[in-house]
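Note sheet for the following structure.
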Amino acid sequence: MNNPLRSPDIVWRVEKRRQAEVLKALEAGEDVDDSGTVILLQSGMMHQLNLVGGLIWQQCDGQQTLAAIAAELAREFSVEQEEVESDVDEFVTDLKERGWLING
Amino acid sequence: MAEVTEMFSAPLTFNWTLSYRCNFVCEHCYSRDEECPELAIQDIKRVVDILVEQQVPFINFGGGEPLIRKDLYEVAEYASKRGLNVSMNTNGWLLDEVAAQRLKDVGFKSVGISIDSSEASVHDAFRNMPGSYEKAVRGLDALRKVGLKSTMSSVISRINYQAFRELLDLAREHGVNQVYLHNFKCSGRGLKNREELDLTPAEWQAFYLEALAVKHQTDDLTISFDDPVIASLPEYQEKTMVKGSSCGKLSLHLRPNGDITPCGFIPVVVGNILKEDFEKIWFDSPVLKAMRAKEATGKCAGCSAFDDCQGGCTARAFATTGDFNQPDPHCWK
Ligand code: SF4
Ligand code: SF4
């Protein structure tokens, strides 16, 4: 199976307050690409994912195919699936290279 | 840097004292003179539920001696099944292979054992407990045997600061790959015995310079320090998640009755986890706010290291002066 799965070595959480604020900012038309909403902890280091990355991350439970993840993301942002497919692909490939995602 | 509560909606770690009871009376211990009613198992589980709801990822049991509470296993199993990453610190006295296997079975991620000297007689005398060195080392071996990650903790003081390399070797011999060289806290018995045990500021500086040099040359062991004053050394290059003490920012401490203090060494209660709304405590407590935004006072005012060091360890400053904002008494500047 090639469905992306979060590495069990990573501890993570959604920062709900920040996510709510970022969603508000997004609605107001602000650029939120650099605002972290999910924190990942790995051997004492912290990394952050932005809204889009965080939403993809939360779906990487090993059960969803890349297409299913893209479809869900498209639904969240009310856009066509094709528009987000390459973003999802790129994000997952990058995180697999870092070892944060593995093949589920 | 963004405010702590903007970054974190809850701490990452709760250091949890289930009981102040202990089978030892160590010279440096902060908790021998503490007394506190303990929660019943149902209430402890309620605390776990709150931590899960608040998305606190790590709990670390300390004490007192965690293995003294017979229901530690039940608590840990409940917590780890609910997704928390559970660890603890023990003196190792009760940690035989059967106990180690049980700890593994109930989901512990790692277990830390306190060893203060690689010489049995020195450790035993410091811990006021003949035979404690042997049992602590046996504990490390038991953990290795059952395949549970072990760490070693040593509180640096006069008895061991010149022999820390031997402590690292001891860790290596017993399959430990992470060693914590803790700073001496001067609370509780540590404060009473401070004159005998604590190093002078100049000795602390020399110790940290040496220990950092060893750390930079070591790749088979992770050597960790928890002393914020170390950040004032240019040789210290670690990227930390917050500046200064991590207490009240990344971690909080729970007392046996559910009272929350910023850390185990600061006896100031900021609320009770079962009686008050946790978010209110985390976001609004005036004590936590003061600790997160320390004001450079005394020699810290104008110190070029203040940005990184934040006045050093808040607990030590508070224990010796009663004021969070005073410079850490270990500071060598
Ligand atoms: S003077 Fe204050 S800020 Fe400067 S190194 Fe000492 S404790 Fe840290
Ligand atoms: S106040 Fe000092 S003792 Fe307490 S957690 Fe912070 S650094 Fe450690």
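The values are calculated or read from the model by the stated rules, or taken from the named source; none is laboratory data. Just so it is clear, the structure is predicted and the values come from calculations on it, not from any experiment. Cβ atoms come from the backbone with ideal geometry, glycine included; neighbour counts cover every protein chain shown. What goes into the accessible areas is simple: the full protein's heavy atoms, side chains included, and nothing from ligands, DNA or RNA. Shrake-Rupley method; radii C 1.70, N 1.55, O 1.52, S 1.80 Å.
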Legend entry - Calculated P(r) tail over 34 Å for the protein assembly as shown, as whole % of Cα pairs: 36 percent
Inset, instruction - Using only the alpha carbons of the stretch B:229-288, determine the length spanned along each of the three principal axes and report them from longest to shortest in whole angstroms. - result: 45, 20, 16
Inset, instruction - Name the long-range amide H neighbours of B:Glu65: under 5 Å, sequence gap of 5 or more, or other chain; modelled H, no Pro or chain starts. - result: B:Arg21, B:Cys22, B:Asn23
Inset, instruction - May I ask for the accessible area buried between chains A and B, both sides summed, probe 1.4 Å, to the nearest 100 Å²? - result: 1200 Å²
Legend entry - Rounded to whole Hz, the Karplus (6.51, -1.76, 1.60) HN-Hα couplings of the stretch B:282-295, x for glycine and proline: 4, 8, 10, 4, x, 5, 4, 4, 5, 5, 7, 10, 5, 9
Legend entry - Ranked by how many other beta carbons lie within 10 Å on average, peptides B:210-223, B:79-92 from highest: B:79-92, B:210-223
Legend entry - Helical contribution to [θ] at 222 nm, DSSP H n ≥ 4, -39,500 (n - 2.57), averaged over chain B, rounded to 500: -10000 deg cm²/dmol
Inset, instruction - For the stretch B:104-151, count all C-alpha to C-alpha pairs, find those more than 12 Å apart, and express that count as a whole percent of the total. - result: 60 percent
Legend entry - Debye log10 I(q)/I(0) for the stretch A:1-62, one point scatterer per Cα, at q = 0.21 Å⁻¹: -0.82
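For the stretch A:4-103, take the alpha-carbon Rg, divide it by the Kirkwood Rh, and send me Rg/Rh.
When Rh is taken as the Kirkwood radius, the ratio is 0.96.
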Inset, instruction - Determine ³J(HN,Hα), in whole Hz, for all residues of the stretch B:164-169 in sequence, where each value follows from phi through the Karplus function 6.51 cos²θ - 1.76 cosθ + 1.60 and θ = phi - 60°; x replaces Gly and Pro. - result: 6, 5, 5, 5, 5, 5
Inset, instruction - For a quick protection proxy, order the peptides B:250-258, B:300-308 by their average other-Cβ count within 10 Å, most packed first. - result: B:250-258, B:300-308
Legend entry - Cross-link pairs A:Lys24/B:Lys239; B:Lys45/B:Lys145; B:Lys185/B:Lys333; B:Lys135/B:Lys275 - those with Cα-Cα distance over 28 Å: A:Lys24/B:Lys239; B:Lys45/B:Lys145; B:Lys135/B:Lys275
Inset, instruction - Pop out the ³J(HN,Hα) list for the stretch A:19-33 in order, Karplus 6.51 cos²θ - 1.76 cosθ + 1.60 with θ = phi - 60°, rounded to Hz; leave Gly and Pro as x. - result: 4, 4, 5, 5, 4, 4, 4, 5, 4, 7, x, 7, 7, 10, 4
Inset, instruction - Using a 1.4 Å probe and counting only protein heavy atoms, arrange B:Glu74, A:Glu21 so the residue with the most accessible area comes first. - result: A:Glu21, B:Glu74
Legend entry - Sequence-separation-based contact order of chain B, relative, with Cα cut under 8 Å and 6+ spacing, percent: 18 percent
Inset, instruction - Partner chain Cβ atoms within 10 Å, averaged over the residues of B:53-60 - can you pull that number for me? - result: 2
Inset, instruction - Check cross-link reach from B:Lys149 to the lysines: straight Cα distance under 17 Å, and skip same-chain residues fewer than eight apart. - result: B:Lys104, B:Lys109
Inset, instruction - Determine the per residue accessible area of chain B with all protein chains present and a 1.4 angstrom probe, expressed in square angstrom. - result: 41 Å²
Inset, instruction - Using the Cα centre as the reference, give the magnitude of the dipole from point charges on the C-beta atoms of the protein assembly as shown (Lys, Arg: +1; Asp, Glu: -1; all else neutral), rounded to the nearest 20 debye. - result: 1540 debye
Inset, instruction - Please report, in debye to the nearest 20, how large the charge dipole of chain B is about its Cα centre when each Lys and Arg carries +1 at its beta carbon and each Asp and Glu carries -1 there. - result: 360 debye
Inset, instruction - Return the long-range amide H neighbours of B:Thr222 (sequence gap of 5 or more, or a different chain), with a cut-off of under 5 Å between placed amide H atoms. - result: B:Gln178, B:Val179
Inset, instruction - Could you pull out the GluC sites (Glu not before Pro) across the stretch A:24-98 that fall in loop regions by DSSP (anything but H, G, I, E, B) with no more than 14 other Cβ atoms inside 10 Å? - result: A:Glu30, A:Glu80
Legend entry - Cα centroid separation - the stretch B:103-180 against the stretch A:33-104, whole Å: 41 Å
Inset, instruction - Once you have the Cα-Cα distance between B:Glu195 and B:Lys289, take 0.36 nm times their residue separation minus that, and quote the gain in nm to one decimal. - result: 30.6 nm
Legend entry - Per-residue average of Cβ from other chains inside 10 Å of A:10-19: 4
Inset, instruction - Would you calculate the volume per residue, in Å³, of the smallest convex hull containing every Cα atom of chain B? - result: 123 Å³
Legend entry - Translational D in µm²/s for the stretch B:147-271 (Stokes-Einstein at 37 °C, 0.692 mPa s, Kirkwood Rh from C-alpha pairs): 204 µm²/s
Legend entry - Lys/Arg +1, Asp/Glu -1 at C-beta; the protein assembly as shown dipole; positive extreme among B:Gln101, B:His216, B:Cys309: B:Gln101
